[in-house]
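For reference, the structure discussed in these notes is given below.
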Amino acid sequence: MTQRRRFSAEYKREAVAMLDTPGVNLSQIAAELGIGANVLGRWRRELRQEHVQAFPGHGRSRDE
């Protein structure tokens, strides 16, 4: 039985950053890295979600 590979948060961020390279798509990058395209897509979604939660807006509303 094979063991599940674990990737660091930094590796995931770098892999997702590669998606900004012009002329390449998600499948190409995933193949280069030896991971599934669905895994890379999930990392991208998770990273976007992190950025949304990073700025929750703890200030007061204008109406107050």
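Order the peptides 30-38, 18-26 from the highest to the lowest mean number of other Cβ atoms within 10 Å of their residues.
30-38, 18-26
Within a Cβ distance under 13 Å of residue 26, other residues only, what is the Lys/Arg minus Asp/Glu net charge?
Once all neighbours under 13 Å are counted, the net charge is +1.
How far is it, in nm, from the label point at residue 18 to the one at residue 1 when both lie 7 Å from their Cα along the line to the Cβ?
3.0 nm
Using +1 at the C-beta of Lys and Arg and -1 at the C-beta of Asp and Glu, which of 23, 3, 40 has the Cα lying farthest in the positive direction of the dipole of region 1-44?
The one lying farthest along the dipole's positive direction is 3.
Read the figures in this text as sums done on the coordinates, not as results from a lab. These figures come from a predicted structure and were not determined experimentally. All Cβ positions, even for glycine, are placed from backbone atoms using ideal geometry, and neighbour counts span all protein chains on display.
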